[in-house]
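Working notes for the structure below.
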Amino acid sequence: MASPAFRNGKYRVVLMHHPIHSLGANSSPPFTDPVRIEERDTNGALTGVRYEYPRADDYRVRDLEPLLRQAGVQLVLNGHSHLWNRFFDQGVHYLETSNVGNSFGAFHVLGGQTRPVPPPPWRASNATAQGDPNGLEPIAPSIAPETDGDQVMPFIASNRLTLFSILDTADGSVTSYAFDTGRRDSDVRTMDRFILMPYDHLNLR
């Protein structure tokens, strides 16, 4: 990200596999090294060993995300959970768009799915039952979101729909599309669009 090629790009995009922000199952526990915790009886004899993944030590949030902001990254594109969801924070768009069936689910109060939270003695604060474990609210598709009754769903997690996204470098638009892989005649539907503003190369530092 510090290279001249990146800094002189019209748009600043980072590709990752594992998300920083996601509603997916695989965004919890935190992405960090496990901490070994030994359990002992009153005589000091070892009775058990467990491992915690401290949320404060999540490498993506603690170490990587500040670098993305400092480098002026506009878009972080990732996959991993086989769903579509997007977020925005401090100038950075986060887009997870990789569903081609076999979704691992979206864990959000809308939709009703809940990630498993380890019971005591594990610390519940290191796990997140619903939502983005790193605190952002998902943004619903801006054009044609999926709905559940009268509720707009801020994600697409489907074993029927395939999602793909295109960055048009002419106008900076990032557009997400969906089509039904179970139907040969399925129309490709535009689901969402947002805009990245090109950098002014003359004013780069």
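The values are calculated or read from the model by the stated rules, or taken from the named source; none is laboratory data. Just so you know, these numbers come straight off a predicted model, no measurement behind them. Reconstructed Cβ throughout: ideal geometry from the backbone, glycine too, with neighbour counts over all protein chains shown. In case anyone asks, the SASA skips ligands and DNA or RNA and just uses the protein heavy atoms, side chains included. Shrake-Rupley method; radii C 1.70, N 1.55, O 1.52, S 1.80 Å.
The residues of the range 104-136 that are at pLDDT 90 or above and among the β-branched types (Val, Ile, Thr), listed by number, are 109, 114, 128.
Of the residues 143, 139, the single one that is over 30 Å from residue 58 (Cβ atoms), modelled with pLDDT of 95 or more and open to solvent by 40 Å² or more (accessible area, probe 1.4 Å) is 143. Filtered by the rule that a residue be out of contact with any His (no Cβ under 7 Å at 6 or more places or on another chain) and either at positive phi or not in a strand (DSSP E or B) (or both), the range 155-183 gives 157, 158, 159, 160, 169, 170, 171, 172, 181, 182, 183. For the range 39-70, filtering for residues that are exposed (fewer than 15 other Cβ atoms within 10 Å of the Cβ) and of a type outside the set (Lys, Arg) leaves 17.
Considering only residues that are open to solvent by 40 Å² or more (accessible area, probe 1.4 Å) and in contact (Cβ under 8 Å) with a residue 60 or more places away in the chain, look in the range 1-14 and name the one that is farthest from residue 114 (Cα to Cα). Filtering first and then ranking leaves 8. Evaluate the following for residue 86: is it outside any loop (DSSP other than H, G, I, E, B), basic (Lys, Arg), in contact with a strand residue (DSSP E or B) (Cβ under 7 Å, 6 or more places away or on another chain) and closer than 26 Å to residue 142 by Cβ? So residue 86 passes the test. Within the range 179-195, residues that are of a type in the set (D, E, K, R) reach partners that are open to solvent by 90 Å² or more (accessible area, probe 1.4 Å) with beta carbons closer than 8 Å, at six or more positions or on different chains, in the pairs 180/160. For the range 99-115, a tally of residues being in contact with a Ser or Thr (Cβ under 9 Å, 6 or more places away or on another chain) and either open to solvent by 30 Å² or more (accessible area, probe 1.4 Å) or closer than 27 Å to residue 37 by Cα (or both) returns 3. Being in contact with a His (Cβ under 6 Å, 6 or more places away or on another chain) and open to solvent by less than 70 Å² (accessible area, probe 1.4 Å) holds for only one residue in 134, 126, and it is 134.
Of all the criteria given as (1) under 16 Å from the mean Cα position of the chain (by Cα); (2) surrounded by fewer than 18 Cβ atoms within 10 Å (Cβ to Cβ); (3) over 20 Å from residue 54 (Cβ atoms), the one not satisfied by residue 157 is (2). Residues of the range 77-94 that are surrounded by fewer than 24 Cβ atoms within 10 Å (Cβ to Cβ) and closer than 14 Å to residue 12 by Cα: 77, 91, 92, 93.
Scanning the range 15-55 for residues that are outside any strand (DSSP E or B) and without any contact (Cβ under 8 Å) to a residue 24 or more places away in the chain yields 34, 41, 42, 43, 44, 45.
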